[in-house]
1. List, please: which pairs have Cβ atoms under 9 Å, are six or more places apart or on different chains, and start with a residue in segment 33-50 that is touching a residue at least 40 places away in the same chain (Cβ under 8 Å) and more than 11 Å from ALA110 (Cβ to Cβ) and end with one that is assigned to a helix (DSSP H, G or I) and of a type in the set (Lys, Arg)?
2. Quick one: in segment 1-19, of everything that is in a helix (DSSP H, G or I), modelled with pLDDT under 90 and in contact with a helix residue (DSSP H, G or I) (Cβ under 9 Å, 6 or more places away or on another chain), which residue is surrounded by the fewest Cβ atoms within 10 Å (Cβ to Cβ)?
3. Among THR118, THR104, THR36, which is buried (at least 23 other Cβ atoms within 10 Å of the Cβ) and either under 23 Å from VAL160 (Cα atoms) or modelled with pLDDT of 90 or more (or both)?
Amino acid sequence: MNKINYKKLLFAVLLIGFAAAGRYLLLDFPNVETMTVAILLASALLGGAYTLVVPLAAVAIFDLFYGNNSILIFTWSAWAIIGFFGLVLKGRTKSAWKFTAGLTGMGMVASLFFYFWTNFGVWLIGSWYPKTANGLLNCFIAGIPFLKWQIIGNLIIVPVAGLAFHFLYEKIRIAQSKPLFIPTPRMPHPSKRG
């Protein structure tokens with residue numbers, strides 16, 4: 001039976017809260033969001049089930065309060081798939097700067113994937129574009145301003161939040177590896193017992 005690692009669980013909850021709250025706070029900036037970095041960090045630092053739990057929980061919490069639209073299956077699946085992108089960085093936590101550079105690069109890959117996948121969803125499900133190659137191309141062209149903002153946002157948010165959360169994770173990991181010292185009362189030597 002697996003033992004629950006409460007420090008990992010707490011870290012995952014922090015990432016979920018950061019992703020959902022940041023997405024809400026940045027609503028006025030189209031496609032500037034904190035989801036990408038939180039999802040990549042969950043998979044790169046925590047791995048396992050957190051690779052899917054963090055993105056799906058974060059998007060579910062946000063959508064519960066804000067709602068979603070007809071391409072829900074494409075946005076949710078995009079976030080889940082992006083979680084697997086972070087697994088490329090799993091175990092590369094030695095240098096915070098190298099890790100953050102890799103995380104930022106993966107953030108750019110995630111931006112492009114999200115753009116292509118969700119715009120394909122808009123074209124496939126929506127009624128704005130004809131179901132032709134030209135219609136798909138027009139859909140991608142119309143989405144470029146959103147891609148631009150997502151890339152700009154990820155170029156700022158991913159490295160800043162990535163460094164901060166990497167630092168926090170390392171502090172938690174180091175604290176977890178140190179044995180907890182619990183003083184025990186000293187027993188008197190048997191010869192000194194009354």
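The values are calculated or read from the model by the stated rules, or taken from the named source; none is laboratory data. In this text, all values refer to a predicted model and were calculated from it rather than measured experimentally. Using ideal geometry, Cβ is built from the backbone for each residue, glycine included, and neighbour counts are taken over all protein chains shown.
1. Here the result reads THR34/ARG23; LEU45/LYS8; LEU45/ARG173; TYR50/LYS8, each pair linking segment 33-50 to a residue that is assigned to a helix (DSSP H, G or I) and of a type in the set (Lys, Arg).
2. The selected residue is LYS7.
3. Result of the check over THR118, THR104, THR36: THR36.
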